């Protein structure tokens, strides 16, 4: 199935990185019924994403997509979307600044409103930076992963938000993707995503 994109029509020329931003879109794949039940959100793109103009296509994105394929085999064919709190790839993959998130977040919120009309059930922020941009919690990932928060906005009302570990965490820890014998941490992440689909 070919991906579709919601292009980022950014007009924030006052943004400090506007002139070199890669304006990563929100990418989505519909279910057979035309719905998109899940949105996963990272902190920003990497060098692979900048090069190809798509979110989550580098090593971490490949790991995430493997997790989602596994979940589909265990459950059903659901629609999924991929996006980031900011639409650029910060130098050296640094955490986005508060200013960058503030300038970019309205575009993500617009995409969420559009996806909600497509049947969006829940959002899964991956990692601490994405979690912090979407939910009001200062808890650690270990404490907040798997918990149900809610994102409120006039554009779409409310959407459940269930944070989990970023797939880059498993790569950093050299945890291999082994469906017949998953590492405990990866099982937690997969369980969090499955919980989001049940919202």
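Every number here is computed from the coordinates shown, using simple stated rules; none is lab data. Owing to the predicted nature of the structure, the values given are computational and were not obtained by experimental measurement. Positions of Cβ are generated from backbone atoms using ideal geometry, with glycine treated the same way; all protein chains shown enter the neighbour counts.
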TODO: Give the peptides 15-27, 35-47, 162-174 in descending order of average Cβ contacts within 10 Å, highest first.
DONE: 35-47, 162-174, 15-27
TODO: Report the residue, chosen from 119, 157, 79, that carries the largest GNM mean-square fluctuation when the chain is represented by alpha-carbon nodes joined by springs under 10 Å.
DONE: 157
- [ ] Restricting to the chain, compute how many DSSP beta bridges are antiparallel as a %, nearest 5.
- [x] 50
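Counting alpha carbon pairs within less than 8 Å and at least 6 residues apart, what relative contact order, in whole percent, applies to the stretch 1-51? Show your work: numbers first, answer last.
On the way: 34 pairs, mean separation 19.2, N = 51.
Once normalised by length, the contact order is 38 percent.
Over the stretch 117-167, what portion of Cα pair distances is larger than 18 Å, expressed as a whole percent?
Numbers: 324 of 1275 pairs.
The proportion of pairs with Cα distances above 18 Å equals 25 percent.
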Open item on the list: For a protection proxy built on the mean count of beta-carbon atoms within 10 angstrom, sort 56-62, 133-139, 187-193 highest first, please.
Closed with: 56-62, 187-193, 133-139
Open item on the list: Using Cα springs under 10 Å in a Gaussian network model of the chain, which residue among 87, 73, 65 shows the largest mean-square fluctuation?
Closed with: 73
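Can you give the FRET efficiency for residue 2 and residue 152, using 1/(1 + (r/R0)^6), R0 = 41 Å, r = Cβ-Cβ distance, to the nearest 0.05?
Numbers: r = 33 Å, r/R0 = 0.81.
After rounding, the FRET efficiency stands at 0.80.
What FRET efficiency, computed as 1/(1 + (r/R0)^6) with R0 = 22 Å and r the Cβ-Cβ distance, is obtained for residue 113 and residue 72, rounded to the nearest 0.05?
Numbers: r = 26 Å, r/R0 = 1.16.
That gives a FRET efficiency of 0.30.
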Open item on the list: What does the extension gain come out to for residue 102 and residue 199, with contour length at 0.36 nm per residue minus their alpha carbon separation?
Closed with: 32.2 nm
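For the chain, what does the equivalent ellipsoid look like in terms of its semi-axes, each the square root of 5 times an eigenvalue of the Cα gyration tensor, given largest first in whole Å?
Values: eigenvalues 114, 73, 59 Å².
They are 24, 19, 17 Å, listed largest first.
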Open item on the list: Can you tell me which of 83, 13, 132 moves the most in a GNM of the chain? Springs connect C-alpha atoms under 10 Å apart.
Closed with: 13
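Full-extension gain between residue 52 and residue 172, please, as 0.36 nm times their residue separation minus the C-alpha to C-alpha distance. Intermediate values should be presented prior to the final figure.
Values: separation 120, 0.36 × 120 = 43.20 nm, distance 2.31 nm.
In short, 40.9 nm is gained.
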Task: Centre separation in Å (Cα based) which lies between the stretch 19-87 and the stretch 115-147 - done: 15
- [ ] Calculate, for residue 137 and residue 13, the FRET efficiency according to 1/(1 + (r/R0)^6) with r their C-beta to C-beta distance and R0 30 Å; round to the nearest 0.05.
- [x] 0.40
Open item on the list: Could you tell me the relative contact order of the chain? Use alpha-carbon pairs under 8 Å, at least six residues apart, and round to a whole percent.
Closed with: 23
